[in-house]
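Peer 1: Dropping a structure here in structure tokens format, bear with me for questions.
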Amino acid sequence: MAKLLKPSGDWNSKLVALDDGHGMQTPGKRTPYIKELGRSIKENEFNRKVVGYLADILLDHGFRVLLVAPTDYDTPLSVRTNDANRYGADIYVSVHYNAMSHSFDYSSASGISVHIYNGWLSSGTKNLANCVLKYLKQGTKQRNRGIVKNNFHVLRETNMPAILTENGFMDDREEALLMLKSSFQKEVATEHAQGICEYFGFKYRGSKSEPVVKLVKGFSGKMFEVIYDKKNDGVAIRTKPDFDANVYAEYDKGVTRTIIDKYEVDGSPMYKFKGGDGKIYYITAHEKFVRTFDKPKEEEKKDETKSQSKEEDEIMVKNLFIINDYVDGAAVEKVMLRVDGHQIYRRTAEKMEVSAKENIFVVGGGTKGLKLGKGKVTDLSGASAEKTAENVFKHFNLA
């Protein structure tokens, strides 16, 4: 399920669909083994960073951004293009890194290229490709392979101007090492943003400077509780210590989490914590929105208990989401954070009884075969992953 990001200020009326290429575990999509690193570099290590930087720049310029592959998994191409079409995106941009083989010695191919559909093309597609290539070729010195026509799904099945950029070759040793350099990632994102702004006739204003972040000692191990109580409005959760960063989700009143660290971000307080999905997030530490308290002794004892598995520790939660596979997991990711929930895979609930303090939501596959204990059971499964996602969004009143 795609993730829609909105600018903090006025919307300029344009929606850009961004695609970060292949998933983190997609077979073959990586460089040859690099001896000095002791490993290969996965293509998505570069793609997702560029798309993240690009999304931030576009949001700063008033664009709405649709992430059509928001997880580390390889989202089906049809899901990506269907979501872009359904949301009515104005353009579609897919970011990639090229390859000829799995060996540095196979060929001498290198450089950048912008790909467009090899069938009927709108003037908008040609213009978009030219605008982005104009800036890509002004960056790090690489061979300019030009605009290339291909019958790629994301170029063929989208209802808007669409391009796919190849920003180097994974089997060129020099260009492979560029993939991990944040300066190069940011450069490529900036060049895409400049081209997109020119395409729409907007002035490019540059990327926002990073905030000043300082660690405040003495808060590790404490807990916070959301106390802000306003109808249809929660407290913003962000993926990095930056109050201008994209809002990933919102927490409602009553949600509690253990604090990892406290920071001063441009002079304002912010907590770092681990969400119910195990990922790291940040929330304001302002007393208007959250209160801080010492972790109860029973919580400390639970942390020290080693006899139970991580999954067993998390079973008895307020809201439990049982997902059929990672596709269904993407549909509930944002909802799960908002309602203070945890997710487990279906195979766990088939092997052992699972319970929740309040609700058990079955997301994909139905209830048959599940060992369900305490908690109100709601089956949101649909005939397909897309129908399941629709049921989830409808149940939780999300757009």
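Peer 1: From the list ASP242, ASP252, exactly one residue is surrounded by 15 or more Cβ atoms within 10 Å (Cβ to Cβ), farther than 30 Å from SER207 by Cα and among the acidic types (Asp, Glu). Which is it?
Peer 2: Criteria check complete, one pass: ASP252.
Peer 1: Something else: Take GLY124 and tell me if it is touching a residue at least 12 places away in the same chain (Cβ under 8 Å), of a type in the set (Gly, Ala, Ser) and not in a helix (DSSP H, G or I).
Peer 2: no
Peer 1: Let me ask something else about it. Have a look at LEU121, LEU128 and point out the one that is modelled with pLDDT under 90, over 22 Å from LYS29 (Cβ atoms) and of a type in the set (A, V, I, L, M).
Peer 2: Result of the check over LEU121, LEU128: LEU121.
Peer 1: Same structure again: For the stretch 339-361, give me each residue that is over 18 Å from ASP277 (Cβ atoms) and in contact with a Leu (Cβ under 8 Å, 6 or more places away or on another chain).
Peer 2: GLU350, GLU353, SER355
Peer 1: Tally the residues that are more than 23 Å from ILE57 (Cα to Cα) and either at pLDDT 90 or above or of a type outside the set (A, V, I, L, M) (or both), restricting the search to the stretch 233-263.
Peer 2: Of the residues in that region, 14 qualify.
Peer 1: While we're on this one: When the residues of the stretch 75-105 are narrowed to those that are among the aromatic types (Phe, Trp, Tyr) and either in contact with an Asp or Glu (Cβ under 6 Å, 6 or more places away or on another chain) or assigned to a loop (DSSP other than H, G, I, E, B) (or both), which ends up surrounded by the fewest Cβ atoms within 10 Å (Cβ to Cβ)?
Peer 2: Result: PHE104.
Peer 1: For the subset of the stretch 127-154 comprising residues that are in contact with a Phe, Trp or Tyr (Cβ under 8 Å, 6 or more places away or on another chain) and not in a helix (DSSP H, G or I), which member is surrounded by the fewest Cβ atoms within 10 Å (Cβ to Cβ)?
Peer 2: ASN151
Peer 1: Name every residue in the stretch 23-48 that is among the polar types (S, T, N, Q) and closer than 11 Å to TYR97 by Cα, in order of residue number.
Peer 2: Hits for the stretch 23-48 are THR31, ASN44, ASN47.
Peer 1: Among the residues of the stretch 165-208, which ones are crowded, with 22+ Cβ neighbours inside 10 Å and within 20 Å of the chain's Cα centre (by Cα)?
Peer 2: Once the filter is applied, which keeps residues that are crowded, with 22+ Cβ neighbours inside 10 Å and within 20 Å of the chain's Cα centre (by Cα), the stretch 165-208 yields THR165, MET179, GLN185, VAL188, ALA189, HIS192, ALA193.
Peer 1: Using beta carbons and a limit of 7 Å, which pairs, at least six apart or on different chains, have the first residue in the stretch 162-189 and in the same structural domain as HIS115 (by TED's automatic domain parsing) and the second one of a type in the set (Asp, Glu) and buried (at least 20 other Cβ atoms within 10 Å of the Cβ)?
Peer 2: Pairs found: GLY168/GLU175; PHE169/GLU175; MET170/GLU43.
Peer 1: Now, a different point. Looking only at the stretch 356-372, count how many residues are over 16 Å from VAL335 (Cα atoms) and surrounded by fewer than 15 Cβ atoms within 10 Å (Cβ to Cβ).
Peer 2: 6
Peer 1: I would also like to ask the following. When you look at SER13, is it on the phi < 0 side of the Ramachandran plot and of a type in the set (Ser, Thr, Tyr), yes or no?
Peer 2: Considered against the rule, which asks whether it is on the phi < 0 side of the Ramachandran plot and of a type in the set (Ser, Thr, Tyr), SER13 comes out as no.
Peer 1: So, one more: For residues in the stretch 106-125 being in contact with a strand residue (DSSP E or B) (Cβ under 6 Å, 6 or more places away or on another chain) and among the small types (Gly, Ala, Ser), which is surrounded by the most Cβ atoms within 10 Å (Cβ to Cβ)?
Peer 2: Only one residue fits best here, namely SER113.
Peer 1: Could we say that LYS141 is out of contact with any Ser or Thr (no Cβ under 8 Å at 6 or more places or on another chain), more than 24 Å from LEU15 (Cα to Cα) and either outside the structural domain of ARG64 (by TED's automatic domain parsing) or of a type in the set (D, E, K, R) (or both) here?
Peer 2: For LYS141, the condition - out of contact with any Ser or Thr (no Cβ under 8 Å at 6 or more places or on another chain), more than 24 Å from LEU15 (Cα to Cα) and either outside the structural domain of ARG64 (by TED's automatic domain parsing) or of a type in the set (D, E, K, R) (or both) - is met.
Peer 1: Kindly evaluate GLU390 against the criterion of being in a helix (DSSP H, G or I), without any contact (Cβ under 8 Å) to a residue 24 or more places away in the chain and either within 26 Å of ALA2 (Cα to Cα) or not assigned by TED's automatic domain parsing to the domain that holds ALA69 (or both).
Peer 2: Yes; evaluated as a whole, the condition is true for this residue.
Peer 1: Take the stretch 68-112 and flag every residue that is of a type in the set (A, V, I, L, M), farther than 14 Å from VAL154 by Cα and at pLDDT 95 or above.
Peer 2: Once the filter is applied, which keeps residues that are of a type in the set (A, V, I, L, M), farther than 14 Å from VAL154 by Cα and at pLDDT 95 or above, the stretch 68-112 yields only ILE112.
Peer 1: Moving on. Test VAL95 against the stated conditions and say whether it is within 20 Å of ALA389 (Cβ to Cβ) and either free of Cβ contacts under 8 Å to residues at least 12 places away in the same chain or in contact with a helix residue (DSSP H, G or I) (Cβ under 8 Å, 6 or more places away or on another chain) (or both).
Peer 2: no
Peer 1: I've got another one for you. If you take the residues of the stretch 237-259 that are assigned to a strand (DSSP E or B) and more than 15 Å from ARG291 (Cα to Cα), which of them is farthest from the chain's Cα centre (by Cα)?
Peer 2: Within the stretch 237-259, the match that is farthest from the chain's Cα centre (by Cα) is GLU250.
The values are calculated or read from the model by the stated rules, or taken from the named source; none is laboratory data. This one's a predicted model, so the numbers in the text were calculated from it and none came from an experiment. Don't worry about glycine lacking a Cβ; one is built from the backbone with ideal geometry, like all the others, and counts go over all protein chains shown.
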